[in-house]
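These notes concern the structure reproduced below.
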Amino acid sequence: MSAFRHPAVVVSHGPGPLWLLSSGFNDEMNKDAPAAKLLSTLFEKLYPNDENLPKRILFVSAHFESNGRGFEISNAAAPDLIFDYYGFDREAYDIDYPAKGEPAFAQRVKEQLEKNKIKAKLAHFDLGKALAPFRDEDTLILCSGQSTHNLHALQSRSPVLIEGARAFQSWLDETLSSESKLSLKERTEEILHWQDEPAARFAHPTPDHFMPFIVAAGAGMEDKKPGATAFFGGWAIGHMSFANYAWGIQH
């Protein structure tokens, strides 16, 4: 048990590997884009002066949906890198990231979910709550999704901000950000019933990329500090918001 409680974070990961590429869809989505530069400095914001660095990162990803079996946990010592995208320049497929897994910790995560009886395939908020204690065990919880994710709108690449995207992002800030005055109970109700938000259907025609935001909220929101620090990386192609949130940053 560590005396330091590590953050719970959710990031908007953008399309494919664009934040690593010299060329992308446009100037809004490549390694020099504001959203890419923000993410490249996010770890420094979480751990200024390299103090209290985590031993591990517990990573929750929108990729992929499980095949009807509930939540899946990787227990590989050296997870494979999966190129789950197409249509990018050659440099997108030359990326190498030899991530290290921790099978023993993966087993502990499995036991924690069993202990908390996390069985329902859509119990993402409860999943976050079950994972929260690991923040006290030298573990950064990092969730990766997209704050607005409409693949149909992606085809249009509109230069004008679409109202449905703006409205959903405003709701998300009000629900998660520390700038909001909502209580823990109010935030919880909002996030659990997110599909009731009028703009939700446009922002997320399918729920997969919003689920990491729900997990992060479950892991990060606390009674006295329910709000997250918001890091906004801007907009791209008229509807894609690059919003990121972090709970538990030490100021």
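FYI, it's all coordinate maths here, none of it is from the lab. Worth saying up front: this structure is predicted, and the values here are computed from it rather than measured. When we count neighbours, we look across all protein chains shown, and the Cβ atoms used for this are built from the backbone with ideal geometry, even at glycine.
Observations
- Total formal charge among the other residues, if their Cβ is under 10 angstrom from that of THR229, Lys/Arg +1 and Asp/Glu -1: 0
- Along the axis of the charge dipole computed for the chain (Cβ charges of +1 for Lys and Arg, -1 for Asp and Glu, origin at the Cα centre), the listed residues PRO15, PHE210, SER40 are led at the positive end by PHE210.
- Rounded if a/c under 1.5, otherwise prolate or oblate - segment 1-75, Cα gyration tensor axes: oblate
- Efficiency of FRET from Cβ geometry, GLU163 and ASN52, R₀ 51 Å, rounded to 0.05: 0.75
- Set of lysines with alpha-carbon distance to LYS37 below 21 Å, sequence-local pairs under 8 removed: LYS45
- Choice from PHE105, PHE59, PHE71 showing the highest fluctuation, given a GNM over the chain with Cα pairs closer than 10 Å: PHE105
- Förster radius 25 Å - calculated FRET efficiency between ASP136 and LYS110, Cβ distance, rounded to 0.05: 0.85
- Bridge type composition, the chain - antiparallel percent by DSSP, nearest 5: 45
- Charged side chains reduced to their Cβ positions (Lys and Arg at +1, Asp and Glu at -1) give the chain a dipole of some 560 debye around its Cα centre.
- Debye, to nearest 20: dipole size of segment 46-102, +1 on Lys, Arg Cβ, -1 on Asp, Glu Cβ: 280
- Length gained on full extension, GLU179 to LYS224, computed as 0.36 nm times the residue gap minus the Cα-Cα distance: 14.8 nm.
- Span-like helix ranges in the chain, DSSP H, alpha carbon extent 30 angstrom or more, Kyte mean at least -0.5: none
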